[in-house]
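See structure below.
The values are calculated or read from the model by the stated rules, or taken from the named source; none is laboratory data. A quick note: this is a predicted structure, and the numbers were derived from the prediction, not measured. Backbone-built Cβ (ideal geometry, glycine too); neighbour counts: all protein chains shown.
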Amino acid sequence: DMKVTQMPRYLIKRMGENVLLECGQDMSHETMYWYRQDPGLGLQLIYISYDVDSNSEGDIPKGYRVSRKKREHFSLILDSAKTNQTSVYFCASSFLFANTEVFFGKGTRLTVV
Amino acid sequence: SQWGEENLQALSIQEGEDVTMNCSYKTYTTVVHWYRQDSGRGPALIILIRSNEREKRSGRLRATLDTSSQSSSLSITAAQCEDTAVYFCATEASSGSWQLIFGSGTQLTVMP
């Protein structure tokens, strides 16, 4: 069963708290991604990972960091969350070549108050 | 910056009508992805069209790609209420590192 699993699905945090969003995939994909989605802005790439410990910044990496210690697992960390990081975060994965489908998780809705 | 962008943000049509959504992109790509996102879900691929295909069909869906004008379109024939969703085009960018760049999406509402 090809799946990208995100935990948690909903999260409320206070400003300044640390946030950990977790993502797993069961397709042995080399590449994994973190996107955020805000109304009217589509999906913006935060980080991309090409394999274990091989991570690159996307378009909006400021305020985020990532960890990939196993191929099937990719974490997004917000150190000292800010209210403008309230958003829906999507994890995705794909094989490591072009012209390939990207599979998305169901998303995590993060609210920072 | 976003390299793919839909021309219309929202479309509302009646069930049974045909509809076309357009996407223009700024940077060279050899493939355009079209994704559909249902409310509360992540995007899911519906059509992937390569530069040597110009047109690709899948059921009631038809995608076109014109690399000379850097544009792509997604058409739905005889739209159904269940086609209501946000549709994104995405282009592949390979400067530096490979990534998929999404447009801002088109909200399609099909009314009964």
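Against the test of being out of contact with any Cys (no Cβ under 9 Å at 6 or more places or on another chain) and either in a loop (DSSP other than H, G, I, E, B) or at pLDDT below 90 (or both), the options B:Leu100, B:Leu65, B:Leu11, B:Leu45 yield a single qualifying residue, B:Leu100. Taken as a whole, the condition of being without any contact (Cβ under 8 Å) to a residue 12 or more places away in the chain and within 13 Å of the chain's Cα centre (by Cα) applies to A:Glu57. Per this entry, B:Gly105 is not counted among residues that are surrounded by fewer than 13 Cβ atoms within 10 Å (Cβ to Cβ), under 30 Å from A:Asn55 (Cβ atoms), at pLDDT below 90 and of a type outside the set (Asp, Glu).
Of all residues in the range A:46-56, those satisfying the criterion of being touching a strand residue (DSSP E or B) at 6+ places or on another chain (Cβ under 7 Å) and surrounded by fewer than 16 Cβ atoms within 10 Å (Cβ to Cβ) are A:Tyr50, A:Val52, A:Asp53, A:Ser56. Here B:Ala85, B:Ala79 are screened, and the one residue that is within 14 Å of chain A (Cβ to nearest Cβ), small (Gly, Ala, Ser), touching a Leu at 6+ places or on another chain (Cβ under 9 Å) and touching a residue at least 40 places away in the same chain (Cβ under 8 Å) is B:Ala85.
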